[in-house]
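Everything below concerns the one structure shown next.
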Amino acid sequence: MSGQRAAAEPYTTRFETEVTAVDGKRVWLETTYFYAEGGGQPADRGRIGDVPVEDVQIVDGEHVHVLADPASFKAGHRVMCSIDWSFRMYCMRAHTASHVLYGAGRRLLEDLGYGGFDIGEEKIRVDLETTTEIDDDVLIELDELVNRAVWESRPVSWEDVQVADARERDEIAFNEATEEGAFSRGQVRVVTIGSKDDNGRTTNGSSNPWDVAACGGTHVRNTREIGPVTVLDRSNPGEGLTRVEFAVGPRAIERRAAEKRAAFAAKRTLGADVTSISDALEETVERQDALEADTRALEAELVERALEAVDPVERDGETWLVTSVDGIEPDALADAVRGVTDSRADVLAVVGETDYPFVVIRSEGGADAGAVVEDLTAEFGGGGGGSSSFAQAGGFDVAAEDVLEALG
């Protein structure tokens, strides 16, 4: 049909055939079950004779096998070919899992369309066109539905149908741009993941299948062969698209184990059972936010009192309040100085010190706060900046007392 015998007979991994042409490392075979790269699925790996196959591409309608080394055989020779079963099966599982994911999307997402697909060494991605926002909750629902479909051991089948007939079937996911390999001579290869009947039994029947799609890739015969699946994350590769990434096999198991370790660690830390972690974490965050708000209020009060405790000084025709406060982080001190309501001065200058001395300047008069910190860094080193009304600097080469003296 599409020229991909691998798609029609994906469990065939050893075959004998005749070599029809050799050009350096490129080989053409009379018959091949190697899958050629296409539709987001990588090419099969394996051997022709005793030479490893690095790549397989379709060029001018024919399979071109690219070898790792020059061929040890010639045109007319018969060769034994072997396909790397481990990698073939990984791709079969991954590709079928992508159909299961799309089927789950049919049940959860609005205005669903297919935007692309790719099998990687560590993860698989499916690009979905949908008006539904795929947030964390939706991602979890997709994960749950996918794994339920795997558990239900739904049959997977494929057949060639007339393109005109396929176009009239609304249930078929149809994208000629991304699934070119599924089309040939007026026919299209359609992959169906079966439905469940009223008694809960799985069936290949056309009534309410899990998913039906035009596809030229290799697939397993039953969803149970997919094995463990874990949805990893989502992103936005382009306007109107949401990319969902997932893993199958060992990578999926490793991710599940990492998530479980994180859940158990949170359980121990929060003193809650796994089902209550979200609520306990939310309460902890609320308490932390409240404590941070109280701390900021106390810090602001400390700065206010420090400024109230000093007398104004005249400098260049303006009134300055200059003081120091220890133990407040630079950003918190800056926020506190911004909120000061003391009206006795045109300029407020507060020196702080944590791991290093720093200064915050606020000007409501003619003095340029940015110019003040530039003068300080020129004299004492460090760095900083800001606007004419508000600036800060730190990392000075001198003690906080020296900076305070320079400002006073």
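The values are calculated or read from the model by the stated rules, or taken from the named source; none is laboratory data. Just so you know, these numbers come straight off a predicted model, no measurement behind them. Note: ideal-geometry Cβ built from the backbone for every residue, glycine included; neighbour counts use all protein chains shown. Please note that ligands, DNA and RNA were not included when accessible areas were found on the heavy atoms of the full protein model with its side chains. Shrake-Rupley method; radii C 1.70, N 1.55, O 1.52, S 1.80 Å.
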| note | When the charge dipole of the chain is computed with +1 on Lys and Arg Cβ and -1 on Asp and Glu Cβ about the Cα centre, the Cα farthest towards its positive end, among ALA297, GLN392, HIS77, belongs to HIS77
| query | Against the longest alpha carbon principal axis of the chain, how many degrees, from 0 to 90 and to the nearest 10, is the axis of helix 250-270 turned? | reply | 30
| Counting pairs of alpha carbon atoms under 8 Å apart in space and at least six apart in sequence, what relative contact order in percent does the range 213-310 give? | 15
| note | Here, SER82 and ASP135, labelled 7 Å along Cα→Cβ, have an inter-label distance in nm of 5.3
| said: Whole percent per 20 Å bin, from 0 to the bin with the longest distance: what is P(r) over all C-alpha pairs of the chain? | reply: 21, 31, 21, 22, 5, 0
| In the range 239-310, carbon and sulfur make up what percent of the accessible area (probe 1.4 Å)? | 54
| task | Mind ranking THR223, THR31 by accessible surface for me, highest first, 1.4 Å probe? | result | THR31, THR223
| query | Ignoring ligands and nucleic acids, what accessible area does ARG338 show with a 1.4 Å probe (Å², nearest 10)? | reply | 130
| Heavy atoms of ARG234 accessible to a 1.4 Å probe, total area in Å² rounded to 10 | 70
| task | Show that you can apply the helix-only estimate: for the chain, add -39,500 (n - 2.57) for every DSSP H stretch of four or more residues, divide by all residues, and state [θ] at 222 nm to the nearest 500. | result | -10500 deg cm²/dmol
| query | With every protein chain present, what accessible area does HIS63 have (1.4 Å probe, heavy atoms only), rounded to the nearest 10 Å²? | reply | 20
| message | If the elastic network links every pair of Cα atoms under 10 Å, which of ASP44, ASP311, ASP211 fluctuates the most in the Gaussian network model of the chain? | response | ASP311
| said: So, for the range 246-378, what is the accessible surface per residue at a probe of 1.4 Å, expressed in square angstrom? | reply: 58
| task | Provide the gained length on full extension for the span ARG148 to ASP165, in nm with one decimal, where the gain is 0.36 nm per separating residue minus the Cα-Cα distance. | result | 3.0 nm
| Cut-off 16 Å, label 7 Å out along Cα→Cβ of ALA8, residues of the range 214-228 by amide N | 215-219
| task | Sum up the charges of everything whose Cβ sits under 10 Å from the Cβ of GLY113, counting Lys and Arg as +1 and Asp and Glu as -1, but leave GLY113 out. | result | -3
| query | Counting Lys +1, Arg +1, Asp -1, Glu -1, what net charge surrounds GLU9 among other residues with beta carbon under 14 Å of its beta carbon? | reply | +2
| request: Could you order VAL274, VAL56 by accessible surface area, starting with the largest, using a probe radius of 1.4 Å? | output: VAL274, VAL56
| Looking at the chain, what % of its DSSP beta bridges pair antiparallel, to the nearest 5? | 90
| task | Would you mind calculating the relative contact order of the chain from Cα pairs under 8 angstrom and at least 6 residues apart, reporting the percent as a whole number? | result | 11
